[in-house]
Amino acid sequence: MHSPYEFIAHKQSGKEHPPKEIQTFIERFINHRIPDYQMTAWLMAVYFQGMTFSETEALTSAFINSGRQLTHNGLKLPIGDKHSTGGVGDKITLILAPILAACGIAVPTITGRGLGFTGGTLDKLESLPGMRVNLSLEEIEATTAEFGLAFGAQTNEIVPADQRIYALRDVTATVRSLPLITSSILSKKVAEGIQAIVFDVKCGHGAFMSSYNEAHELAKWLVHVGQLFGLNTSALITKMDTPLGRTVGNWLELEESVQILAGNQDLRDILDLTFALGATLMKQLQFVESRAEAYTRMKDVIRNGLALEKLEAVMMHQSGDLNSFKLLTRGKGDEVHRARASRTVEATISGYLNNFWARDFGFAAILLGAGRQRSDDIINPAAGIRFHCDVEDQINAGDPLFTLYADTNSQLDDAEERLKKSVEIVEEKPERVNLIIDEVS
Ligand code: URA
């Protein structure tokens, strides 16, 4: 093996690493024989010089080998998952995972916290009092075996190398690198012990990848490298210009998800995407003959209440509070977490709503206390935004557009200021936007 100095210089000059050297470099880093400054120098070299698919495969393997993988011995169900590259108001995992489990697909999901202006499923789950996501590997396996569904987090047992390296990338501007993103995401998914995965690669104003071309490239990397690990992979490229659904914020989004599963809310954007991702995964797992059959099965488990029961059972098993969950199902979430301050913002002109610009609303949610400005910030579960209208709706000046929820009036002031130019009202009725732009498989 080259010395760390030579290894970094090799990548700096644009040369390809042999896979074994990547494995050794990561092993030494994990064993504290390579310091953070050499790791970040290498990450910066990768950021500028890139890596081949074969190097990315080696890095993904090294990440996986830094921890243990879930095994699902004896589980008779097909096993799959979905992963979103992150958006604003994106609560689809909370809806789709119990739907899939209720249909008979096991989903041992390892999910993450909010990153930048995008929300995270773990934060949403943890807004239920008592809910525990730091499950051991054995607990995730046992919960999956019992319910066909588990909500876990990355821990010291699961891909610890990625956890440490991601923290370095986050503060050294080396997150936006295709091979690094690919190995980070895929290592966690391969470690779940699944057979198939569908990626929701978002593009647009409220996405990590703002252009279609960037999103398409990332989708290609995820699909291709995933296949090298024997995973059946595909990706939908979806639009993320407007927040998904009618809420942004952890408790508000959990309540909205529960309401959708209860069949009380028929939000077109969320359901379209949920069913499209679910049908794609069911086809990949050869669980259904056709997409139409997949749609029927998913709609059935909403209609007969099985999907909501599944979410409730798993959240109770993971120590969530039953009374609080029941209040969510009755649309009375504010009896559990109520924001101390709120303000409704009204339209100043008439026309048709063309957009609530997603990135701005993501940042405003952070200012309200729904996300973190620093990694040790404590989230206020009640903080967030509730929208009162949808894109295409006709609006009159004075109509309520959205309500902000926070702890203090000064947080409301900051968020309102941030959103001054974030609502687009136009004269002509805008055309219906299809959220699903493309599929890569
Ligand atoms: N999400 C991850 O888990 N890793 C990345 O590198 C980027 C997004």
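Quote the charge dipole size of the chain about the Cα centre in Debye, to the nearest 20; the model charges only the Cβ of Lys and Arg (+1) and of Asp and Glu (-1). Intermediate results must be reported in sequence, preceding the final value.
Details: 43 positive and 56 negative charges, 129 e Å.
The calculated dipole for the chain is roughly 620 debye.
According to the Cα-based calculation, Rg over Rh for segment 1-69 is 0.93, with Rh computed by the Kirkwood formula.
Once the Cα atoms are used to define both axes, helix 409-418 deviates from the longest principal axis of the chain by about 70 degrees.
Between residue 48 and residue 438, what FRET efficiency comes out of the Förster formula 1/(1 + (r/R0)^6) with R0 = 22 Å and r the beta carbon distance, rounded to 0.05? Display every interim value, and only then the final one.
Details: r = 28 Å, r/R0 = 1.28.
It comes to 0.20.
All Cα-Cα separations within segment 344-441 were binned at 10 Å from zero, giving a P(r) of 15, 41, 27, 15, 2, each value a whole percent of the pairs. Calculated from the alpha-carbon coordinates, the chain shows an Rg and a Dmax of 21.7, 69 Å respectively.
Look at the dipole of the chain built from charges on Cβ: of 342, 175, 296, the Cα furthest out on the positive end belongs to 175.
DSSP beta bridges fully contained in the chain are about 55 percent antiparallel. Size estimate for segment 265-307 follows the Kirkwood approach: the inverse of mean 1/r over distinct Cα pairs works out to 10.6 Å. Placing a pseudo-label 7 Å from each Cα along the Cα-to-Cβ vector at residue 296 and residue 75 gives an inter-label distance of 2.7 nm.
Ordering of 243-254, 408-419 by packing is 243-254, 408-419, highest average first (other Cβ atoms within 10 Å, averaged per residue). In terms of Cα atoms, the Rg and Dmax of segment 80-328 work out to 16.7, 49 Å.
Volume of the convex hull of segment 172-286 (Cα atoms only), normalised per residue: 133 Å³. Potential lengthening of the chain between residue 399 and residue 16 amounts to 132.0 nm, from the contour at 0.36 nm per residue minus the alpha-carbon distance.
Between the residues 103, 397, 212, the greatest Cα displacement towards the positive end of the dipole of the chain, with unit charges on the Cβ of Lys, Arg, Asp and Glu, is found for 103.
Only helical DSSP H runs with n ≥ 4 go in: add -39500 (n - 2.57) per run for the chain, normalise by residue count and round the 222 nm mean residue ellipticity to 500 deg cm²/dmol. Numbers along the way, then the final one.
Numbers: 17 runs with 203 residues, N = 441.
Mean residue ellipticity at 222 nm (helix-derived): -14500 deg cm²/dmol.
In this calculation the C-beta distance from residue 408 to residue 36 is compared with R0 = 45 Å, giving a FRET efficiency of 0.75.
Rounded to the nearest 10 degrees, what's the angle between the helix 160-171 long axis and the longest principal axis of the chain, both from Cα atoms, 0 to 90? The two axes meet at around 70 degrees. Charging the Cβ of each Asp and Glu at -1 and of each Lys and Arg at +1, and nothing else, the dipole of segment 29-139 about its Cα centre rounds to 180 debye. Between the Cα long axis of helix 212-228 and the first principal axis of the chain there is an angle of about 50°, rounded to the nearest 10.
Available extension along the chain between residue 378 and residue 172 is 71.8 nm, counting 0.36 nm per residue and deducting the alpha carbon span. The packing ranking, built from the mean of other Cβ atoms within 10 Å per residue, places the peptides 97-110, 129-142 in the order 97-110, 129-142, highest first. Considering only 33, 113, 338, the mean-square fluctuation computed in a Gaussian network model of the chain, springs between alpha carbons under 10 angstrom, is largest for 33.
Shown is the FRET efficiency for residue 266 and residue 426, computed with R0 = 22 Å from the Cβ-Cβ distance and rounded to the nearest 0.05: 0.30. Extending 7 Å from the Cα toward the beta-carbon at both residue 210 and residue 28 defines two label points whose distance is 3.9 nm.
Quick note: the coordinates plus some simple rules give every number you see, no bench work behind them. Because the structure is predicted, anything quoted here is derived from the model rather than measured. No Cβ is skipped: glycine too gets one built from the backbone with ideal geometry, and neighbour counts run over all protein chains shown.
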